[in-house]
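Down below is the structure, laid out as structure tokens.
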Amino acid sequence: LTPFSTWESQPLPEVLRDMNKWSNNVMARQIFLTLGADGEALSTEKSIARLQAWMPAQGLDATQWFFENGSGLSRNERTTTAQLGALLRTAWRSPRMPEYVMGLPVIGKDGTMRSRLIDTPLAGRGYVKTGTLDGVKSAAGYVLDANGNWQAFALILNHPKAPGAENVV
């Protein structure tokens, strides 16, 4: 068949920046689905299989991750903070690290972190992706410590009073 229309997306680093800076779950879902793209219909199962095959070579334990839809809006998706930390360290060592990190919100400066920790020593000294569901608060990313070293961190709070942890996450 002859296509009636074509459209070229922005380069992936720009798409990821838009997705992460503003926590766009619809974009996250679409990017997740394209992980399994093989020229046929997109499916969650194909994307999960591709991720699970990739993880061991990155030092990640695929059995410690459960994926459902890739959007971040799931009560079933889960992993551990240790696995998130390992993923962050893997991303830091990647040749694509600059593009990835620049897509994360800067503490106290932009994206979902623009109004958080503004008047603290952390303002401008870290890249943090946050997540929120009822009873869940999370944050993960990188902060520049007092010695000038970048540290990866991951926090997940699962508790009915998690929204009260705004000063932590």
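Hey, does the range 49-67 have a residue that's part of a helix (DSSP H, G or I), open to solvent by less than 60 Å² (accessible area, probe 1.4 Å) and of a type in the set (Val, Ile, Thr)? Looking for residues that are part of a helix (DSSP H, G or I), open to solvent by less than 60 Å² (accessible area, probe 1.4 Å) and of a type in the set (Val, Ile, Thr), one finds none in the range 49-67, hence no. Within the range 84-97, one or more residues are under 23 Å from GLU14 (Cα atoms), β-branched (Val, Ile, Thr) and either touching a helix residue (DSSP H, G or I) at 6+ places or on another chain (Cβ under 7 Å) or touching a residue at least 12 places away in the same chain (Cβ under 8 Å) (or both). Could you please let me know if LEU1 is farther than 24 Å from VAL101 by Cβ and open to solvent by 80 Å² or more (accessible area, probe 1.4 Å)? In short, yes.
Checked against (1) within 16 Å of the chain's Cα centre (by Cα); (2) under 26 Å from LEU33 (Cα atoms), TYR142 passes all but a single condition, namely (2).
Okay, residues lined up against (1) crowded, with 18+ Cβ neighbours inside 10 Å; (2) without any contact (Cβ under 8 Å) to a residue 24 or more places away in the chain; (3) not aliphatic (A, V, I, L, M):
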residue: TYR100; (1), (2), (3): no, no, yes
residue: ILE107; (1), (2), (3): yes, no, no
residue: ASP110; (1), (2), (3): no, no, yes
residue: MET113; (1), (2), (3): yes, yes, no
residue: THR120; (1), (2), (3): no, yes, yes
residue: ALA123; (1), (2), (3): no, yes, no
residue: TYR127; (1), (2), (3): yes, no, yes
residue: GLY131; (1), (2), (3): no, no, yes
residue: GLY135; (1), (2), (3): no, no, yes
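The rows are residues; the columns are (1) at pLDDT 95 or above; (2) assigned to a helix (DSSP H, G or I); (3) more than 11 Å from ASN20 (Cα to Cα).
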{"site": "SER74", "(1), (2), (3)": "no, no, yes"}
{"site": "GLN83", "(1), (2), (3)": "yes, yes, yes"}
{"site": "ARG89", "(1), (2), (3)": "yes, yes, yes"}
{"site": "TRP92", "(1), (2), (3)": "yes, yes, yes"}
{"site": "VAL101", "(1), (2), (3)": "yes, yes, no"}
{"site": "LYS109", "(1), (2), (3)": "yes, no, yes"}
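Inside the range 78-104, residues that are touching a strand residue (DSSP E or B) at 6+ places or on another chain (Cβ under 6 Å) and not small (Gly, Ala, Ser) make up a count of 7.
The values are calculated or read from the model by the stated rules, or taken from the named source; none is laboratory data. Remember, it's a predicted structure, so these values are computed and weren't measured experimentally. In this analysis, Cβ positions are derived from the backbone assuming ideal geometry, glycine residues included, and neighbour counts consider all displayed protein chains. Please note that ligands, DNA and RNA were not included when accessible areas were found on the heavy atoms of the full protein model with its side chains. Shrake-Rupley method; radii C 1.70, N 1.55, O 1.52, S 1.80 Å.
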